[in-house]
Amino acid sequence: MWHLEPVKEPIEEGVDEEEGVEAESEGCEAEVIRDRQPAYCFTAQQAKVFERVRTAAYAMIGAREGSDIESETSSSSTGSTHSRARPASTSAHPRACQIADEEDDTSELEGHILDFFIALLDHDISDNEFQNTLYSGLAILGIRAEYGWQSALLYMPILSVIVTVARMLVLYKAKQARDDEVWNWWQLTGESEAKAWERARSHFDRVRNMVRQFMMIIAFNGQLSLMDLVLRLRAYGKAVQANTNADGVVDWHGNELLIGRVQFGMASLRAMIHGLLHAARAQLRRAVLLLDVDEDGEPAVVATPRGEPGGATVWPVIRWDQLVDNAAETKAGWSFTKDPRNQEVFGSMDGKWWLANQVAGEEQLRRQFFRADTGTRGRRGRGVSSGGARWRMEHIYEYGEVIKAFREQLLVLMHMSGRQPACGTKLVMVQYKNSTEGEIRGLFVEDGAVVFVMMYSKTMGMSAKAKVIHWYLP
């Protein structure tokens with residue numbers, strides 16, 4: 001593919017002959033890619049879209065620095081499909097409400113970036129596949145940083161990532177294009193939303209056209225494109241992978257487990273799990289349930305007006321050992337929390353609105369989640385009313401990140417403590433309640449123990465039968 005030749009640097013003046021010979025020897029041993037470096041180049045459409053990306057990026061940076069570029073950009077991008085003039089009233093159309101709530105400084109840039117990646121995929125490579133930027137980048141990723149080439153075992157996941165992300169971008173592009181067409185029909189003709197949706201091309205037609213144009217291989221009447229090369233290369237790599245033994249990376253040294261450059265014992269692993277359990281419990285009480293606890297997640301002592309200790313923080317009391325479940329219930333939205341036999345177990349607590357009442361009932365939490373110029377009041381035990389209360393959206397987003405971090409910790413605990421660790425494909429398919437599509441939940445309670453069930457196994461493709469596997473948590 002590329003020609004490698006040694007580098008021969010001339011001996012500099014003022015350098016010892018011995019040092020010069022040594023430097024020349026080192027230069028001869030060092031090999032670099034010469035002559036036929038990746039000769040990628042943008043097509044006219046790619047260069048045009050990339051220039052839009054650069055312009056929007058510089059405009060966003062200038063606007064954030066307080067310059068006058070924002071006004072110039074808004075006047076020059078009136079005709080862009082990613083920056084629309086809004087009507088006087090945006091309440092008549094859901095798309096208008098959505099655009100009105102978007103961050104204007106990033107939506108236009110994100111739209112141009114999406115167009116740029118689609119243009120990279122939609123590239124007629126003709127006689128030289130390395131003219132495509134992505135393909136040249138994939139070639140670079142196939143080179144090891146130290147020496148040689150990446151093995152098929154390590155390179156195939158890279159190709160799979162490219163294929164998966166490309167498919168996601170095609171679907172997202174089809175959705176954005178349809179939404180843009182509906183918006184234009186609604187803006188130009190003033191027709192109803194339903195009429196605009198009827199006139200616009202469907203998602204299926206848009207996706208099909210893009211797939212036939214640059215997402216299929218030649219054997220299925222596709223075009224010679226980047227995706228054709230990547231898919232055929234990945235198929236070849238899978239064949240190599242299936243007939244090649246993987247390198248051994250796991251070994252035992254007494255009671256110590258060696259994985260690559262990592263070494264640990266079973267005692268260290270148990271200590272890690274117990275530490276993670278303690279951290280997750282403290283995270284749940286302090287950051288998720290918003291309880292007044294100390295750094296270790298233990299109840300904080302509440303002081304009376306006189307400065308004397310007046311008790312500790314009270315959190316919901318649930319008698320976990322008395323929980324029951326009905327695994328045969330297929331009703332949509334059903335979980336063990338909906339079982340009427342568990343009402344006494346949960347006591348008088350309304351789990352759906354408990355946190356909202358907690359935020360509305362405590363002054364400290366109200367100051368964190370609501371703006372100072374609005375008031376809140378409870379209504380029928382449902383926390384905050386709609387009578388003018390304004391959320392602090394930045395704090396809401398931070399709370400969402402807290403929930404995400406806690407769920408990651410909970411996922412790791414389930415993965416490590418539920419007997420043999422499950423693969424990611426199995427674990428992320430577990431649902432805590434029945435879905436509206438008829439999918440049965442995967443989280444149950446049996447004899448006081450929490451069980452998660454997965455319907456996926458590696459042999460499902462061969463046997464065409466689902467295997468129900470139970471994983472009991474300690």
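The requirement of being of a type in the set (D, E, K, R), modelled with pLDDT under 80, under 23 Å from residue 431 (Cα atoms) and assigned to a loop (DSSP other than H, G, I, E, B) is fulfilled somewhere in the range 340-350, by at least one residue.
Scanning the range 388-413 for residues that are closer than 18 Å to residue 353 by Cα and outside any helix (DSSP H, G or I), which turns out modelled with the lowest pLDDT? Full working, then the answer.
If we filter the range 388-413 for residues that are closer than 18 Å to residue 353 by Cα, which is where we start, we get 389, 391, 396, 399-400, 403.
Narrowing further to those that are outside any helix (DSSP H, G or I): 389, 391.
Values: 389: 71, 391: 85.
Top of the filtered list is 389.
Annotation note: Cβ proximity below 9 Å between a residue of the range 176-189 that is in contact (Cβ under 8 Å) with a residue 24 or more places away in the chain and a residue that is surrounded by fewer than 17 Cβ atoms within 10 Å (Cβ to Cβ) and of a type in the set (D, E, K, R) (sequence gap 6+ or interchain) occurs for 177/201; 178/201; 182/193; 182/199; 186/193; 186/195.
Note on the range 260-290: residues that are under 19 Å from residue 417 (Cβ atoms) and not polar (S, T, N, Q) total 19.
Counting residues that are at pLDDT 90 or above and hydroxyl-bearing (Ser, Thr, Tyr), which helices (runs of 4 or more DSSP H) fully inside the range 131-225 reach at least 1? It would help to see each step written out before you state the result.
Working: elements: 133-141, 152-189, 193-199, 203-214.
Filter on the range 131-225 gives 152-189.
Restricting 228, 180 to those that are in contact with a helix residue (DSSP H, G or I) (Cβ under 7 Å, 6 or more places away or on another chain) and of a type outside the set (A, V, I, L, M, F, W, C) reduces the list to 228. Contact annotation: residue pairs with Cβ atoms under 9 Å, 6 or more positions apart or on different chains, pairing a residue in the range 395-408 that is aliphatic (A, V, I, L, M) with a partner that is part of a helix (DSSP H, G or I), are 396/369; 402/283; 402/287; 402/288; 403/287; 403/288; 405/283; 405/287.
Of all residues in the range 152-173 being more than 30 Å from residue 205 (Cβ to Cβ) and in contact (Cβ under 8 Å) with a residue 12 or more places away in the chain, which is surrounded by the fewest Cβ atoms within 10 Å (Cβ to Cβ)? Break it down stepwise before answering.
Residues of the range 152-173 that are more than 30 Å from residue 205 (Cβ to Cβ), as a first pass: 152-158.
Add one more test, that the residue is in contact (Cβ under 8 Å) with a residue 12 or more places away in the chain, and what stays is 152-153, 155-156, 158.
Details: 152: 18, 153: 14, 155: 19, 156: 19, 158: 16.
Checking each candidate, the answer is 153.
Kindly indicate whether residue 457 is at pLDDT 85 or above and over 27 Å from residue 285 (Cβ atoms).
On the way: at pLDDT 85 or above: no; over 27 Å from residue 285 (Cβ atoms): yes.
Considered against the rule, which asks whether it is at pLDDT 85 or above and over 27 Å from residue 285 (Cβ atoms), residue 457 comes out as no.
Listed by first and then second residue, the pairs with beta-carbon distance under 6 Å, at least 6 apart or on different chains, first residue in the range 32-50 and of a type in the set (A, V, I, L, M), second at pLDDT 85 or above, are 49/115; 49/116; 49/119.
The values are calculated or read from the model by the stated rules, or taken from the named source; none is laboratory data. The structure displayed is predicted, hence computed values, not measured ones. We place every Cβ from the backbone using ideal geometry, glycine too, and count neighbours over all the protein chains shown.
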